[in-house]
Structures are given as structure tokens and as C-alpha cells.
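Okay, structure first, notes after.
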Amino acid sequence: MDDFNVDLQRKIRDHSARVAILGLGYVGLPLATIFAESGYNVVGVEPDEHKVESIRKGESYIQDVPSEQLASLVRTGKLRATSDFSVLADADAVSICVPTPLRKTGDPDLSFILVATDEMAKYIHRGVVVVLESTTYPGTTREILLPKLAEASGLEVGRDFFLAFSPERVDPGRKDWTTYNTPKVIGGITPSCTKVASLWYEQALETVVPVSSAESAEMAKLLENTFRMINIGLVNEMAIMCDRLGLDVWEVIDAAATKPFGYMKFTPGPGLGGHCIPIDPLYLSWKLRALNYTARFIDLASEINTGMPRYVVGKIQDALNDQAKPIKGSQILVIGAAYKPDVDDMRESPALDIIGLLRQKGAEVLYHDPFIQRIQHDDWYLESVPDVLVSAGDVDCVVIVTDHSSYDYADILKHAQLIVDTRNALGDAGRSNPLVVRL
Ligand SMILES: NC(=O)c1ccc[n+]([C@@H]2O[C@H](COP(=O)([O-])OP(=O)(O)OC[C@H]3O[C@@H](n4cnc5c(N)ncnc54)[C@H](O)[C@@H]3O)[C@@H](O)[C@H]2O)c1
């Protein structure tokens, strides 16, 4: 084994390795915190000066990272943040956690990965391990990162430096499964890359699951998220079919879920949201299109899921119609704007589409969300209404889009003139109630 490899492994084991995390968002900040907690000196490299400043002040902007914990790590010098990429020259272990969104055309936008890799390429040196965490299509680590890092440096992967992919599985807001105890899949470009990257992650995380290649690790993440997206698409279509059949989809789902084997419960909703489930499978279908293959399940589920906000607006329209009211001019209060309960993240949230569609039809839309104070989207801007208005009952229709646990649903039900409940937040109280329309 080469000296620097022995040296890197020693530094990883005795925690003297200097860790750098590129991108301190929902994924990068918790990861940086965990490495710092485990004893490494960690520097986060983040182009957003506001985030860097927050970290310097010990103020967390990510719900899952408490400010007290962050402040203590910053105070003791274990964690710091900078926008200066030159710190990568001194890093022994680097994790890349930058965004992987879609372009307006629906194709993968790898620009953040490209910029981060170019920065890494400027400072790559012998004996460094680099791990990509951003969700992406199979082949990205080998086809995009490897040539840039190897050509810039003239170094050989698996011998002079180490490169791997490890998908992030964080579920924001979740307390039982965290970045620390959720098993972490790691696949390297070469077996020694897998070995070194696994050794590093094992120091800070409970379980590491090595796989034979970076591509397997990239694909495993896409299987997980595609599985979820397709099952949500299936159950959303079940809701539409049950509606046509005059059946209560929630009762049907609960009945099916009593089967102790061979069934996994998914629930319908107003549409997909978040940075992962609506987006990641499209990375896979894009890659397959380039290979002349159509990922049919993904296309179909995507079509059903993206149609859900419009379906919900149809339900609102019908419900108002039954009360002899048009959407145009009606006051409609949307409850919950985040993409899922008890988080402050509204990326890709179906609430955005629902509010936009209702506004297009001339409704006067108000919204309330305890986590999101204001929304600027497309050509509209709204501020969350005061808490007292949530159950004031003086709007034409209340639409429950996100079932945050802090809401008093019984109180909302007591005062509302009409409710469209897209999450079954009212439970049995909403069943057979003429003022409640459920998905
Ligand atoms: N949020 C989740 O729940 C989640 C879960 C699993 C996987 N992922 C994946 O992890 C990746 C990161 O997602 P996220 O939610 O943390 O995104 P995010 O937008 O919250 O954070 C990304 C950060 O990277 C920074 N950044 C942008 N360009 C950079 C660059 N060139 N160098 C360094 N930093 C840069 C951004 O300013 C931002 O702070 C994505 O690929 C996403 O699909 C996210």
C-alpha cells in the first residue's frame, strides 16, 4: 500500500483527517455536524454568504440541526464555514452535497455538481478521498467527476486519490431515523475507493453498507425514490378510481393494510413534493432515454402525481358548486404549504400549484402555515394569515393541503363552512360529514 494511503487511513482512524463538506444545505449541514461530533475538524464550503454567516454565529437554519449543538461545535472550533474553496487544498476527506434539480425542460441540471467538481479539481492532491452525496443518475461519479479530477491532477484514482458515491437518505423532520443511524450505502470507483470511503464514514455513522461500484450506489438511491414515487402514484390513482366508484379510499387503504405480509401502506395526497421524490426518478428516466429505453412506470406515475393538484382543484370546484358558489370570487383558505407535515420545506410543494390554479380561476386565496411565513412563487406573493383566522370559519372553503400536527382539526371542523381534506387529517370526523369533501 502506498504511503499516503496508509497515512490517510491512519488520519481517518485517529480522526486527525481534515474534513470538508461542499454545500451546507438540508444534507450537508447535518452531515458536517455528525463528522464534527465524531471528533473531526470540519470545514463547510458554502457559496451562500448568509448561510456562512449563520454558522459563524452558531445559528442553525436547518430544522434537524439544533442551534445549541451547532453553536457548541463552532465555539470549540470543530466546525466552521467559509465561501473560500481554497480550503480544499488542505482537506483529506471531502463530501459533495450540492443540489441536483431539474431544468425547466425536465432534464437533469448537473450545473452545481460541475461547478463543485471544477473547484475540487483545482485543489485535488494525493491522498484525498472524495465522496459525492448528491442524488444523480448512474454513471455520474465515473463519467463526470472522475475525468475532471484525474485529468486536472494527473493522479490515478484508487491509488493516488479515492472517489466514491454515497446516497443521502435523510428524511427531514424525522426523529427515529437520522443521518447517524440510517444505514449508508457506499460504492467506489475501485475497490480501494470503497474501502477508504467506508472507513471514513464508519467513524461517524452507525452502519455502512459497501457495494461493488459507484453505479450500484447511485442506482440504489434511485430505486428507493422511484419505488416511493410509483407507489404514491398508484395510491393516488386508487383515490381517483375509488371516487368514481363511490368508495372511501381511506377505508379501503386501512383495510388492505391489515394484511400482515406482502403489502406496504402508502397514502394519497394533493401531489408530490420535496427535493427528492418528484425529481430523482426523472434523472433515471432521462438517462434511460439516452439509451433508447422508456422508463414507463416512472412516466406514468409522474403523470398521475403531477395531475393531483388539478384534481384537488376540481374537488374544490365541485364542493363549492354544491353550495351554489363559483370558485371565482370565493375566499379559499389553504392550510399547510410545506410539502409534508411538520417541516419548513416547500420545495416542489403541491400547495404552490393548488394556490396558483385557484388564483387563475379567480379565487381569493389565503394560506396558513406555522413554518412558512411568506411565499413568493411565479407572479404571486402571499403571507401566512394570523393563527386566529385558521378556525375563524369566515371563508367559503378551507383546503387542508399539509396536515401539520400543530393544527386543532376538531376546532377547524367546528367552525368551517366547507372543508376539502386532501390528507384525511380530519379522520373519522370527516367521514359522512356533508361539509367535508375528502380525497
Ligand atoms: N433534502 C433532502 O431531504 C435530501 C434527501 C436525500 C438526498 N438529497 C440530495 O442531496 C443533495 C443536496 O440536497 P439538499 O436538500 O441538501 O440541497 P440544499 O439546496 O438544501 O443544499 C445545497 C447547498 O449547496 C450549496 N451549493 C451550491 N453550489 C455549490 C458549490 N458549487 N459548492 C458548494 N456548495 C454549493 C447551496 O448554496 C446549498 O446551500 C441533492 O442532490 C438532493 O437530491 C436531499
Cβ-placed point charges (K, R +1; D, E -1), dipole of region 228-289 about Cα centre in debye, nearest 20 = 360 debye
Contour minus Cα-Cα distance for W177 and A429 (0.36 nm per residue) = 87.6 nm
task = Return the subset of K175/K195; K175/K315; K148/K195; K11/K184; K265/K315; K104/K184 for which the Cα-Cα distance in this structure is over 27 Å, preserving the input order.
result = K175/K195; K175/K315; K104/K184
query = Along the charge dipole of region 1-140, Cβ charges K/R +1 and D/E -1, which of C97, N5, L132 sits furthest on the positive end?
reply = N5
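Calculate how many DSSP beta bridges within region 238-394 are antiparallel, expressed in % of all such bridges and rounded to the nearest 5.
Details: 4 of 9 bridges.
About 45 percent, rounded to the nearest 5.
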task = For Q373 paired with H415, estimate the spin-label separation in nm (one decimal), with each label point 7 Å from Cα along the Cα-to-Cβ line.
result = 2.3 nm
Hz values of 3J(HN,Hα) by residue in region 256-264 - Karplus curve (6.51, -1.76, 1.60), Gly and Pro given as x = 4, 6, 6, 5, x, 8, x, 9, 10
query = Rounded, prolate or oblate: which fits region 58-106 when a ≥ b ≥ c are the square roots of the eigenvalues of the alpha-carbon gyration tensor, with rounded for a/c under 1.5 and prolate only if a/b beats b/c?
reply = oblate
message = For a Förster distance of 35 Å, can you work out the FRET efficiency between the beta-carbons of T258 and Y293, rounded to the nearest 0.05?
response = 0.40
query = Check S349: other-chain or 5+ apart residues with amide H under 5 Å from its amide H, H built from backbone geometry?
reply = G274
query = Taking the Cα atoms only, what angle lies between the long axis of helix 28-37 and the longest principal axis of the chain, rounded to 10 degrees?
reply = 50 degrees
key: Built amide H within the under 5 Å cut-off of L22, gap 5+   = V45, S95, I96, C97
request  = Mind putting a number on the dipole of region 1-109 about its Cα centre? Charges go on the C-beta only, +1 for Lys and Arg and -1 for Asp and Glu, and I need it in Debye to the nearest 20.
outcome  = 200 debye
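Loop only per DSSP, at most 14 neighbouring Cβ atoms within 10 Å: give me the chymotrypsin sites (Phe, Trp or Tyr not before Pro) in region 269-332, ordered by residue number. Mind dumping the intermediate values first?
Numbers: sites: Y283, W286, Y293, F297, Y311; in loops: Y293.
In loop regions of region 269-332 (DSSP not H, G, I, E or B), the sparsely surrounded chymotrypsin sites (Phe, Trp or Tyr not before Pro) are Y293.
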query = Which of the listed residues, A217, T258, G271, is farthest toward the dipole's positive end in region 189-320, when Lys, Arg count +1 and Asp, Glu count -1 at the beta-carbon?
reply = A217
task = With a 10 Å radius around each residue's Cβ, average the other Cβ atoms per peptide and rank 205-216, 419-430, 171-182, 250-261, highest first.
result = 419-430, 205-216, 171-182, 250-261
task = Just the number, please: percent antiparallel of the DSSP beta bridges in region 127-211, rounded to the nearest 5.
result = 20 percent
task = Might you report the magnitude of the Cβ-based charge dipole of region 116-200 about its Cα centre, with Lys and Arg at +1 and Asp and Glu at -1, to the nearest 20 debye?
result = 240 debye
remark   = Of the candidates I327, A295, Y407, the farthest towards the positive dipole end of the chain (Lys/Arg Cβ +1, Asp/Glu Cβ -1, centred on the Cα centre) is A295
5 angstrom amide H check on A81, placed H, neighbours 5+ away = G44
key: Antiparallel bridge percentage (DSSP; both residues within the chain; nearest 5)   = 15 percent
Acute angle (nearest 10 degrees) that the helix 296-322 long axis makes with the longest principal axis of the chain, alpha-carbon atoms = 30 degrees
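Could you provide, to the nearest whole Å², the per residue accessible area of the chain with probe 1.4 Å?
So the chain comes to 45 Å² accessible per residue, rounded to a whole number.
Mind checking the full-extension length gain between E251 and L102? Use 0.36 nm per residue of separation minus the Cα-Cα distance, one decimal, nm. Provide the component values of the computation, followed by the final result.
Values: separation 149, 0.36 × 149 = 53.64 nm, distance 3.62 nm.
Length difference between fully extended and current span is 50.0 nm.
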Whole-percent carbon and sulfur share, accessible surface of the chain, 1.4 Å = 53 percent
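The values are calculated or read from the model by the stated rules, or taken from the named source; none is laboratory data. Worth saying up front: this structure is predicted, and the values here are computed from it rather than measured. As a convention, Cβ positions derive from the backbone with ideal geometry for all residues, glycine included, and neighbour counts pool all protein chains shown. Just the protein is used for accessible areas: all its heavy atoms, side chains included, with ligands, DNA and RNA removed. Shrake-Rupley method; radii C 1.70, N 1.55, O 1.52, S 1.80 Å.
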